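Read through the structure below, which is laid out as structure tokens, and then see the notes.
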Amino acid sequence: MKLNNKYVIGTNVMWFEIEMYGDFISGMINLLDNDIENKDNITIDLCLNLSQHLEKLNTDKISEDRIITMFQAGVSKIEDLGYKVNTFQIEKDEFYFHTDYRRDLNYNYCKKVDYVMWGETDSFFPKEAFLGLETLSQYTTENGIHKYIACFGDRKMWDSSWDATVHNDYVDVEFVDDDKQHENLNQAKSRLPLKTMNDINSKVEDLDIQMIEYPKLDGSCLVMSSDLIKYGVNIPSCMIYNDDHGMSIMSQKLMGQNYKQFVFKNLLKVHARRHPKKRMYILEENNPNSFEDRKNNKFNTYKSLSDQNIQMLVQDTNKKFYEYEDYKKIVEKK
């Protein structure tokens, strides 16, 4: 397949996700090892994030050097396929997180590529993603649509308001919200083998691409046209967490009735939000599946400030947003 567009896939890899990172690399290989003629049209951008402001590394379990070695091994596997991989590293004393990375990714690449794609360490893009996006690009170009978001079908997640982004095979599945959800393969938060995803997607004969006129963004495997970002739609700087929610709010504020989101309803992605190795080697925490109520107090303080920023953003209040310095002051008082 020869690509007519240029793409970047960017992913922030937290140090505590390093055991899950191997699955992510397998998913990237599944996507990229796909007989693409002009591989230089795809750039992979990876950030190894060693920041320890929210979580401390248990050095009795693993060392920073080992994490760096494991990260680089994954990079090498992608490079061996013939793709360019841009990497950089955030040190343990830096304040730089998922939201910062994605904001910068959007801004730095929107003038270099046609599509910015958000990777996530607990997610797989469908193997057919580029075929789908090239098809969508032809349609949007012919119809003069240049500012939009695209996403792939997920398994059942949350309430029915999300069904517009749920894969056709899972729309009628009952949503179950319990502590065993991560073991239920019909629920979006569970781990699903690459082979199962590929088998489901291999049945597709004609793409089912549907359009919605309101944002429904879960953050994984999200695709943005460069013109949307150039227009000003990005994660607002007031967001210190909640990157997808911030992006959703600004998309609605700036695009209004002109907002367009295309959903590949019969191309399944995987977003294993409760992957069994999502939070590993964190000092004084045993929460590999990343349950919210089991995360440490520093993280919960940080997220609480971001949640308050969201409320101020939505309500258009004139209050001052919370920043990293506010978080540090609160933590230092405890």
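If you go through the stretch 185-203 and keep only what is in a loop (DSSP other than H, G, I, E, B) and either surrounded by fewer than 17 Cβ atoms within 10 Å (Cβ to Cβ) or among the charged types (D, E, K, R) (or both), you end up with 185, 186, 189, 191, 193, 202, 203. Under the condition of being surrounded by 15 or more Cβ atoms within 10 Å (Cβ to Cβ) and touching a strand residue (DSSP E or B) at 6+ places or on another chain (Cβ under 9 Å), which residue from the stretch 174-183 is nearest to residue 291 (Cα to Cα)? By that ranking, first place goes to 181.
Looking only at the stretch 44-77, residues that are under 17 Å from residue 24 (Cβ atoms), surrounded by fewer than 21 Cβ atoms within 10 Å (Cβ to Cβ), touching a residue at least 24 places away in the same chain (Cβ under 8 Å) and β-branched (Val, Ile, Thr) come to 1 in all. Inside the stretch 253-288, residues that are in a loop (DSSP other than H, G, I, E, B), within 28 Å of residue 128 (Cα to Cα) and within 18 Å of the chain's Cα centre (by Cα) make up a count of 8. Exactly one residue out of 289, 296 is modelled with pLDDT of 90 or more, within 21 Å of residue 58 (Cα to Cα) and crowded, with 16+ Cβ neighbours inside 10 Å, and it is 289.
Sub-9 Å Cβ pairs linking a first residue in the stretch 207-218 that is closer than 18 Å to residue 156 by Cβ and at pLDDT below 95 to a second residue that is of a type in the set (D, E, K, R) and part of a strand (DSSP E or B), at least 6 apart or interchain, are 218/154, ordered by first then second residue.
Scanning the stretch 34-92 for residues that are farther than 30 Å from residue 325 by Cβ, part of a loop (DSSP other than H, G, I, E, B) and under 21 Å from the mean Cα position of the chain (by Cα) yields one hit, 83. Quick one: would you say residue 101 is assigned to a helix (DSSP H, G or I), more than 18 Å from residue 218 (Cβ to Cβ) and either touching a strand residue (DSSP E or B) at 6+ places or on another chain (Cβ under 8 Å) or among the β-branched types (Val, Ile, Thr) (or both)? No, not satisfied.
The values are calculated or read from the model by the stated rules, or taken from the named source; none is laboratory data. Just so you know, these numbers come straight off a predicted model, no measurement behind them. Reconstructed Cβ throughout: ideal geometry from the backbone, glycine too, with neighbour counts over all protein chains shown.
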